[in-house]
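Below is one structure; the comments refer to it alone.
The values are calculated or read from the model by the stated rules, or taken from the named source; none is laboratory data. Quick caveat, the model's predicted, so the values are computed rather than measured. Every residue, glycine as well, gets a Cβ built from its backbone with ideal geometry; the counts of neighbours run over all protein chains shown. These accessible areas exclude ligands, DNA and RNA; they are computed on the full protein's heavy atoms, side chains included. Shrake-Rupley method; radii C 1.70, N 1.55, O 1.52, S 1.80 Å.
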Amino acid sequence: MRTQVAIIGAGPAGLLLGQLLHKHGIDNIILERQTADYVLSRVRAGVIEQVTMGLLDEAGVGARMHKDGLVHDGVQICVDGVRHRISFKELTGKAVMVYGQTEITKDLMDGRAAVGAPTVYAADDVALHDIFSGAPRVTYRGDSKSHEIDCDFIAGCDGFHGISRKSAPPRAITAHERIYPLGWLGILSDTPPVSEELIYVRHDRGFALCSMRSPTRSRYYIQCSLADDIDSWPDERFWEALRPRLDEEGRERLVTGPSIEKSIAPLRSFVAEPMRFGRLFLAGDAAHIVPPTGAKGLNLAASDVRYLSQAFIEHYADKSDSGLDHYSDRALARVWKAERFSWWMTTTLHRISENPFDLKLQVAELDYLFRSTAAATAFAENYVGLPY
Ligand code: APR
Ligand code: PHB
């Protein structure tokens, strides 16, 4: 087989890249280790920046998002039982869209199927070869047979645990990492959300987040220990832990019910530099991870894909490699700002340290955020997404 760009991974990064390349007449094949059903069963964050919405529209897959997504003009932050609001609209003129990542993945898969672009699911033993030569190759096993794809470029969109980053020479890569000593316990429930807007909660008992997927489906998270086992968190225990962290109105309005999904996610900040190795380009979680506070993961995957798709388009249409040469620097400049913002939200809102100095700093940070228009504008600008 031969293609122009071999894409490893059919998460949001790989699927969006494939769609944008296809629109510009660039051949691509996606190789995914899991089945399509498995990929669609993963519940992930659900806040889409305005620039990401634009990109999904450009890829021709934004229709359902505009129909079913919820436009949010602001966000609420509850500190020790007192709620504050930050208006994105007043401070930046922008908004975000609340729409599940699983739905975006489905829209991208449907878009790909509609144009007939090839995706190989359940591809085993994917391996990258000759990435520093002019003729890289990808091999894999599928249907009990070995396959080989010759290509011009490889896009490593295979997430944090993928094979692409591991295929770069270890000496050529620098990893920066911060692991937080806690996790997020999340549940999905068919109950009306406690508020029309998201509420991020800082409380002495620990962080909480009230989010949603629709007017009848809620997504809630609380900070938990990494040693916690999901079985030790029956629904009742979850609701009992969440309610006292809310303000009075929230406690009264909270509607509880059975969970339809429950999971624990670790919190990690990670960046691998650079994002290019010869003809291999990394994008999305393959190159960087943010903790979920601020919901930047999918949005960063999208901004990488925008820079990378433009670079491939320039290469094929204009015979210019300038975009490819600048891809890593450009993408990382935006990545590090989102890393900073997610780290700031995480360390300011969670109970991480028991040092009273750190706790006082959290309160001071938040007090400043609510009193200063400059601080609130900086927050809003980052939350709605920095321009490309
Ligand atoms: N071979 C082929 N596919 C692989 C391999 C491999 N060796 N390893 C992993 N994959 C696949 C995974 O099964 C997954 O479907 O690559 C895909 C990577 O998708 P994501 O993990 O969703 O990463 P990405 O597309 O970069 O999306 C980033 O999604 O993971 C969330 O929180 C993250 O919001 C962020 C966004
Ligand atoms: C979610 O709705 O799942 C969500 C929202 C905001 C976040 C993280 C997750 O910061």
(request) Please label the shape of the range 266-305 as rounded, prolate or oblate, based on the square roots a ≥ b ≥ c of the eigenvalues of the alpha-carbon gyration tensor (a/c under 1.5 means rounded; beyond that, a/b larger than b/c means prolate, else oblate). (result) oblate
(request) Let me know the charge dipole size of the chain about its Cα centre in debye, to the nearest 20, where only the beta-carbon of Lys, Arg (+1) and Asp, Glu (-1) is charged. (result) 280 debye
(request) Report the full-extension gain for the segment His66 to Gln34: residue separation times 0.36 nm, less the Cα-Cα distance, to one decimal in nm. (result) 8.7 nm
(request) Please list, in chain and number order, the residues 5+ apart from Cys78 or on another chain whose amide H is under 5 Å from its amide H, with Hs placed from the backbone. (result) His84, Tyr200, Val201, Arg202
(request) Could you pull out the pairs from Lys23/Lys106; Lys94/Lys337; Lys23/Lys89; Lys67/Lys106 whose alpha carbons sit more than 25 Å apart here? (result) Lys23/Lys89
(message) Per residue of the range 19-35, what does 6.51 cos²θ - 1.76 cosθ + 1.60 with θ = phi - 60° give for ³J(HN,Hα)? Whole Hz please, x for Gly and Pro, Karplus curve as stated.
(response) 5, 5, 5, 4, 4, 9, x, 9, 5, 8, 10, 9, 10, 10, 5, 8, 7
(message) Need one number: nm distance between label points at Ala378 and Asp143, each 7 Å from Cα along Cα→Cβ, rounded to one decimal.
(response) 5.7 nm
(message) For a quick check: with amide H placed at 1.01 Å from N, whose amide H comes under 5 Å from Gly159's, ignoring anything fewer than 5 positions away on the same chain?
(response) Asp285, Ala286
(request) Please give, to one decimal in nm, the separation of the simple spin-label points placed at Arg2 and Ser87, each 7 Å out from Cα toward the Cβ. (result) 6.0 nm
(request) Extending each Cα 7 Å along its Cβ direction at Glu261 and Asp367, get the distance between those two points in nm, one decimal. (result) 4.0 nm
(request) Determine ³J(HN,Hα), in whole Hz, for all residues of the range 310-322 in sequence, where each value follows from phi through the Karplus function 6.51 cos²θ - 1.76 cosθ + 1.60 and θ = phi - 60°; x replaces Gly and Pro. (result) 4, 5, 5, 4, 4, 4, 7, 7, 10, 6, 10, 9, 4
(message) Rounded to the nearest 20 debye, what is the charge dipole size of the range 1-111 about its Cα centre when +1 sits on each Lys and Arg Cβ and -1 on each Asp and Glu Cβ?
(response) 100 debye
(request) Name the shape class, rounded, prolate or oblate, that the alpha-carbon gyration tensor gives for the range 181-233, where a ≥ b ≥ c are the square roots of its eigenvalues, rounded holds for a/c under 1.5, and otherwise prolate holds if a/b is larger than b/c and oblate otherwise. (result) oblate
(request) Please calculate the 1.4 Å probe accessible area of Ser309, with all protein chains present, and give it to the nearest 10 Å². (result) 10 Å²
(message) With a 1.4 Å probe and all protein chains kept in place, how much accessible area does Lys23 have, in Å² rounded to the nearest 10?
(response) 120 Å²
(message) When 1/r is averaged over all different Cα pairs and the result inverted, which Kirkwood radius in Å belongs to the chain?
(response) 21.7 Å
(request) Using per-residue counts of other Cβ atoms within 10 Å, averaged over each peptide, order 224-231, 209-216, 373-380, 270-277 from highest down. (result) 270-277, 209-216, 373-380, 224-231
(message) Quick check: Cα centre of the range 163-185 to Cα centre of the range 52-109, how many Å?
(response) 28 Å
(request) Would you kindly state how much longer the chain becomes between Tyr316 and Asp57 on full extension, computed as 0.36 nm times their sequence separation minus their alpha carbon distance, in nm to one decimal? (result) 91.0 nm
(message) Using only the alpha-carbon atoms, how far is helix 356-371 inclined from the longest principal axis of the chain? Give it as 0 to 90 degrees, nearest 10.
(response) 90 degrees
(request) Could you look at the chain and say what percent of its accessible area is carbon and sulfur, using a 1.4 Å probe and all protein chains? (result) 51 percent
(message) Starting from 0.36 nm per residue, how many nanometres of slack lie between Ala227 and Phe160 once their C-alpha separation is accounted for?
(response) 22.0 nm
(request) Please calculate how many Å² of accessible area the chain carries per residue, with a 1.4 Å probe and no DNA, RNA or ligand atoms counted. (result) 43 Å²
(request) Work from the charge dipole of the range 283-332 (Cβ charges, +1 for Lys and Arg, -1 for Asp and Glu, about the Cα centre) and give the residue of Gly294, Ile313, Ser328 farthest towards its positive end. (result) Gly294
